[in-house]
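A short reminder: the numbers here are calculations on the coordinates, not readings from a lab. Since this is a predicted model, take the numbers as computed values, not measurements. Here the Cβ positions follow ideal geometry from the backbone for every residue, glycine too, while neighbour counts run over all protein chains shown.
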């Protein structure tokens, strides 16, 4: 059983609690392999109580617990040191409560974003989050990984929309934070604590979000430039204008290719009443000439999906993906410098950014020896830091990860994070060793 | 800390003066009196010292002295809080942030500003206004309250319906930890590295440390604003108009409700143009692009008419708009016309429960032989029942407190919360079990221990006391010294 001590006795208890069909120990664990490491066991609890029981049993057996939603971010972080127990939440997939008049929804963590959105859209509302892989990504997973997409430019990220959580903690107890009202300052803001915590502090089992009405009209407009520099200047001009875009994307030629775009492209999203969308598209067209771009074209609605996974389709088999946070004004320059850093070492790269919020993704092509890839990534990180930001190595082969840390150094704040982890998960049961500051 | 000997106190005073300078320490009882309460004068507590640092290093040095002496300490802004959150409930040190009030940096291109915690909220909007920007969170006390205090309470305001509360506008904080270390949580860029410590710090009511620099978003002023006043003969009609607006897919910048008692007080005081005989009025604002603003206003007018509004009018110009808002924002002051004192409640409910809960509020207050005025953020279900009373009448204050507790219970029962923007502080710590289980509170205590292991940073707040309510009950009202001198009013 993968060499983790205490697993055999644990398996018996898990089967007794969940029923044998909800406890996988054979080849059927293959979808849950992370970085070549097969978990000791994969379980599918069917209720919050069962999640609590599983965590208690695993903790008692000193087997680490890896919470699992759709698996879309499972490879983020250093690989798990041990096989451990994958706690899959897919059976907790109910839509608990949607009251359109309150513009809120409470939903269990294992429901996919797509099935949540389709239920909400049927009643004229939506959760204003548009991360990639919505058909697989779950509510719990998008909280844990702080997943977002292009519309974060106007509508913010999970932290701005999550108003309540129910969590199973490291000792198996159930804790609530926040609530189901849109404005609430009673007690500490536990929802914020779990956003982007990658399952290291507790397992989110249900969540309550603020919603928005579905806009009457939505449009994506593309402006093409010869140089990144000009595209960056155009993005800044849009930010400084009266326009209220929902998305502001910069794609270099490699990232734009799969969308049928040539050259460097600024993609601007608008929504609202038809007259608002028309007026904004017209204003943008008026700005285009003075910004040095070609005349704007309207992209099909299907283009939203690739924009959510920046530069993902640029190369058939990428060597590494790095995400970088910088100030919006530094985005285009960082993309230029990053491209050049890769080129100097003989590697092609593709870059895309949610430019208005400074969220940049760089993808390296053509896998070479790990040391070359690592050298480029190290340079990218240095560029991010020089621009006052930070970088996360979202995906790379293990050989590269062993040379380039996944997470940046969190500095003195890292010590506070370690103390939070020690307080809330003293026995280091939840997703150990995969997060910032060695957590 | 009441046990400090005179000699010890003198020695400590000299040490504090060595940190912040001779003009930066208060320790005489009459000077300390000014800092014995915040905007909620039901609670009072005296500090041993009030100190006025001007740098983060000062704050860190002060905190290290407090830590060494095992002396409780609490940061204080303008003292406009309404839950007793900044009171030195166990004596010790009050660290006033009022001399750290600068705008340190404005980056218009990236739409952020770096400010000190003692900066008055509205002063930030003034500072960036000439460039066409403003700071969105707009608590009613924004002319006096500080950004640091807003951080502690995660303050809201009328326009948070569309623009979010304080935490939605904070990217990073430089804080002095309860052990006296200066640490950045978050920064100028989006996307936390690791846990969202800045997000957790906001709203922690001063129990996680003291913010010394704050990175906030500033927004471009909208191209256009439209303000609609809808007047109703029944309060239920106004409540259902709120739902009707939401049902039309509109997200106004603000939807505020004002009831009859409040309208009459406002009209007596300021004459803002609200009809005195109306049961309730809604003040609704849409903003954003010039394109479509008329359409949105028209849809709002239609929703109000269909809900039974007897009159709906759109402010003809900026002067009329400001007058309508003056009525809303001055409502608290206007209660002085109709009552010697009042207590502001702060609860939140799901919007759809408005008609039921407003009815219950009126019943509860009436059952205690009191009157209530309601002026609140209807769009996000954030109630502010203001219970009117006369503190000179024996027993009346106790009835106010009892009615307040019952109202909070109703908010909890319908799935709401016991505070939308004023915080828990001292006032509501014993109400926390209305909405949180023992396990929830224990988890929060552990989170607090991670930031504040000694517990010296703002003790006695947020969490329920182990004492019975009777033992720790509030003392009788008397006017705050600055209120007596006419320097401030309670709002």
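Observations on the structure shown:
- For chain A, the longest principal axis of the Cα atoms and the long axis of helix A:331-344 meet at an angle of about 80 degrees.
- Relative contact order of the stretch B:339-424: 43 percent, from C-alpha pairs under 8 Å at least 6 residues apart in sequence.
- Shape annotation for chain B: C-alpha extents along the principal axes are 70, 58, 46 Å, from largest to smallest.
- Principal-axis analysis of the Cα atoms of chain A puts helix A:48-60 at an angle of about 70° to the longest axis.
- Kirkwood's formula applied to the C-alpha pairs of the stretch A:7-88 gives a hydrodynamic radius of 12.7 angstrom.
- Radius, Kirkwood style, for the protein assembly as shown when every pair of distinct Cα atoms is counted (Å): 28.8
- Its relative contact order, with pairs defined as Cα atoms under 8 Å and 6+ residues apart, puts chain A at 15 percent.
- Computed from the C-alpha gyration tensor, the three semi-axes of the ellipsoid equivalent to the stretch B:273-397 are 31, 17, 13 Å, from longest to shortest.
- Size of the stretch A:320-401 as Cα extents on the principal axes (Å, biggest first): 34, 22, 19
- Alpha-carbon Debye profile of the stretch A:180-339, log10 I(q)/I(0) at 0.16 Å⁻¹: -1.01
- Expressed in Å, the radius of gyration and Dmax of the Cα atoms of the stretch B:339-424 are 12.2, 38.
- Set of the stretch B:251-289 residues, backbone N closer than 12 Å to the point 7 Å along the Cα-Cβ line of residue B:313: B:272-276
- Computed across the stretch B:48-171, the Kirkwood hydrodynamic radius from all distinct Cα-Cα pairs reaches 15.3 Å.
- Listed by Cβ neighbour count within 10 Å, with the fewest neighbours leading, A:435, B:270 appear as B:270, A:435.
- Temperature 10 °C, viscosity 1.306 mPa s: under these conditions the Stokes-Einstein estimate for the stretch B:103-220, based on its Kirkwood radius over C-alpha pairs, is 113 µm² per second.
- Relative frequency of Cα-Cα separations exceeding 21 Å in the stretch A:152-218, percent: 29
- Within chain B, antiparallel bridges make up roughly 90 percent of the DSSP beta bridges whose residues both belong there.
- From least to most packed, judged by other beta carbons within 10 angstrom and beginning with the fewest, A:47, B:96, A:262 follow the order A:262, A:47, B:96.
- Under the criterion of Cα pairs below 8 Å and six or more residues apart, the relative contact order for chain B equals 16 percent.
- Helix B:293-306 axis versus longest C-alpha principal axis of chain B: approximately 70°, rounded to the nearest ten.
- In chain A, helices alone account for a calculated mean residue ellipticity at 222 nm of -9000 deg cm²/dmol, with every DSSP H run of four or more residues adding -39,500 (n - 2.57).
- By the Cα gyration tensor, the stretch A:1-144 has an equivalent ellipsoid whose semi-axes, rounded to whole angstrom, run 31, 17, 11 from largest to smallest.
- Calculated P(r) of the stretch B:154-205 - Cα pairs past 13 Å, %: 61
- For the stretch B:286-360, the convex hull drawn through the C-alpha positions has a volume of 167 cubic angstrom per residue.
- If you plug the beta carbon distance of residue A:122 and residue A:301 into 1/(1 + (r/R0)^6) with R0 = 22 Å, you get a FRET efficiency near 0.75.
- Computed over the alpha-carbon pairs of the stretch A:287-439, the distance histogram in 5 Å steps reads 2, 9, 16, 17, 17, 14, 11, 7, 4, 2, 1, 0, 0 percent, short to long.
- For the stretch B:207-311, the equivalent ellipsoid derived from the alpha-carbon gyration tensor has semi-axes of 28, 21, 14 Å in decreasing order.
- Mean residue ellipticity (222 nm) of chain B, computed from DSSP H runs ≥ 4 via -39,500 (n - 2.57), nearest 500: -9500 deg cm²/dmol
- Chain lengthening between residue B:454 and residue B:268 when straightened (0.36 nm per residue, less Cα-Cα): 61.8 nm
- The calculated FRET efficiency for the pair residue B:279 and residue A:93, based on their C-beta separation and a Förster distance of 60 Å, comes to about 0.85.
- Diffusion coefficient (Stokes-Einstein, Kirkwood radius over C-alpha pairs, 10 °C, 1.306 mPa s) for the stretch A:256-311: 126 µm²/s, rounded to a whole number.
- 10 Å-binned pair-distance histogram of chain A (Cα, whole percent): 4, 21, 29, 26, 15, 4, 1, 0
- If the convex hull is drawn through the Cα atoms of the stretch B:24-90, its volume per residue in Å³: 84
- Size of the stretch A:95-213 as Cα extents on the principal axes (Å, biggest first): 39, 29, 26
- Remark on the stretch A:217-308: ratio of C-alpha radius of gyration to 2.2 N^0.38 Å is 0.98.
- Put in line by how crowded their Cβ is, counting other Cβ atoms within 10 Å and starting with the fewest, B:428, A:180 read A:180, B:428.
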